[in-house]
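Below you'll find the structure, written out as structure tokens, and then a few comments.
Here, each number is a calculation from the coordinates, and none is a lab measurement. Here the structure is a predicted model, which is why all the values come from computation and not from measurement. Ideal geometry is used to build each Cβ from the backbone, glycine not excepted, and the neighbour counts take in all protein chains shown.
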Amino acid sequence: MDKPNDLMDKLVSLCKRRGFIFQSSEIYGGLNGCWDYGPLGVELKRNVKNLWWRDMVTSRDDMVGLDASIIMNPKVWEASGHVGGFADPMIDCKKCKGRFRADQLYYAVREGQSRQGGSASVWFSAIADKVEDASAVMELQLKKKGRQIREWTNDFELVRYDQEQSEQAPCPACDEKGSLTVPRAFNLMFKTHCGAMEDSSSVTYLRPETAQGIFVNFKNVLDTQRLKLPFGIAQIGKAFRNEINPRNYTFRSREFEMMEVEYFCHPSQADQWYQYWRKARFDWYVNLGLRSDRLRLRDHEKDELAHYAKSCVDIEYAFPFGVSELEGVANRTDFDLKRHQEYSGRDMSYYDDQTKERFLPYVIEPSAGVDRSVLAFLCEAYTEDEAPDDKGLPQKRVLMRLHPKLAPIKVAVFPLVKKDRMQEIAHKIHEQLKGRWNAFYDEKGAVGRRYRRQDEAGTPFCITVDGQTLEDQTVTIRDRDSLAQDRVSCDRIVDYLSEHLGN
RNA sequence: GCGGGCGUAGCUCAAUGGUAGAGCAUCGGCCUUCCAAGCCGACUAUGUGGGUUCGAUUCCCAUCGCCCGCUCCA
């Protein structure tokens, strides 16, 4: 059995070798957290998105699509809570999950005597805008602690937060010692400027999630599409987060693509739709080939929930580098619509003319990472087995066992050798197929080598024109996974593929 | 962000303070009637920028990138 990282190394190597995924700007040394999809990768990724769109939008009556701009009015991100509280260097408490601005955190230490007579030093910390305020807060703390500590021998000196002292300093909220993290600039949004002037009035952001584009268009969609609750708005698009630490190949990238649904419903029905979507989304992955024993649903603990969510579940996949999130399904309540109503002054409510009720809908959000799905499908597909060589001896074979619906190339067409009109017939078959499927033609080198190349690309079927074709108009169709070959009449090829590719 | 490791051809890996080598892959040719065959030939590399040195791929510094651990993921 491979060690996990061996598997990732092999996958990364294959993805580069065959043209699935390249490092962004590679000739300039790359760019951390950014990746390019090559000729095979772009087909795979597009298949993932098209299947999602078909399953979530066009095959349903209760869903419509949207494509909002990436750069939006900066007020959107104030309303959503993405700017404001998160713009400054922040310190977290690992115990109570409190979060504090580093420039508002003050420390002091005092030496004293314990009741047993030994010396004692006690740290204080406080959150305050000004030193004087911090001092007052600490005096209050001192009175409390004075019950345990008898006598103080020196005045304390207030200092601003200093990283070297953070190990001894207590959390200003829960008083736990050494639980504070180092300060981090918490705003992960990419900042840019709209227009020629780069002043503060022109600051804009690249969206860190696609969801807000849907919320701010809620009324537009509602007014133009004659929709009734419950209904959903779906969007696929790029989002950007200036991650501190991109890791694990394409898993955590700074530029990435999301597939999101915001499903609007009556507040009383939110729980049942939440249950519906967590199952629907889990099954979607299973149906495209992810093994259910490598997938799991993990409910968020209360203290783990984001500020906007009432409940949230992660759909996680067991990647070689660890179990990690593919998608989150959250009950966002009416948080977003309420906030946008408040910040924009526009009415965001829905009027039900059956019940004569006016209310803000609740929102269930299945939010999936396209790149993460693609990576999961790639990890799942990577397989090593043995296949015989031309002498019948077993040789190691690498294949990508991608679901036929996901495979970048659906079928490859080969003449067995470059002789006796085989190329001509193979070309004709290729011409006939390529309008309908992504089909690939190859005549170079030994046929065994061509088969193995397609195995690494994940191509489910290879059609070979051989000597018998000339006599009875049949070809062989080879199955990627079983290596079995069916002999099929030329005029049955399309039917055969339709049946086996499932579309 | 912190600590550690690493960076040589498309891939996997050698070697060296003084000419950088192999296997596989790729391309061309010959041959080939079903699973990485053979023969001939060809292309291709010391991440980037500085420094030390007569000379640096090798030593030093910086930077970029990758991997591992911690941290983090609103």
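Karplus-based coupling profile of segment A:346-354, in residue order and whole Hz: 9, 6, 10, 7, 10, 10, 9, 7, 6, with θ = phi - 60° in 6.51 cos²θ - 1.76 cosθ + 1.60 and x standing for Gly or Pro. Once the chain from A:SER344 to A:CYS194 is taken as fully extended at 0.36 nm per residue, the excess over their C-alpha distance is 52.0 nm. Listing A:LEU11, A:LEU290, A:LEU188 from fewest to most neighbouring C-beta atoms within 10 Å gives A:LEU188, A:LEU11, A:LEU290. Among A:ILE425, A:ILE364, a tally of other beta-carbon atoms within 10 Å of each Cβ gives an order, fewest to most, of A:ILE425, A:ILE364. Hey, rough spin-label estimate for A:HIS500 and A:ALA484, points 7 angstrom out along Cα→Cβ, what's it come to in nanometres? Using points 7 Å along Cα→Cβ, the separation is 1.0 nm. Model label sites at A:LYS75 and A:SER201, defined 7 Å from Cα along the beta-carbon direction, differ in position by 1.5 nm.
Packing, taken as the mean count of other beta carbons within 10 Å per residue, orders the peptides A:457-468, A:239-250 from highest to lowest as A:457-468, A:239-250.
Residue exposure proxy: A:THR192, A:THR469, ordered by other Cβ atoms within 10 angstrom of their Cβ from fewest to most, comes out as A:THR192, A:THR469.
Protection proxy ranking for A:221-228, A:416-423, A:473-480, using the average of other Cβ atoms within 10 Å per residue and placing the highest first: A:473-480, A:416-423, A:221-228.
Peptides A:259-266, A:55-62, A:73-80 ordered by packing proxy, namely the average of other Cβ atoms within 10 Å per residue, highest first: A:259-266, A:73-80, A:55-62.
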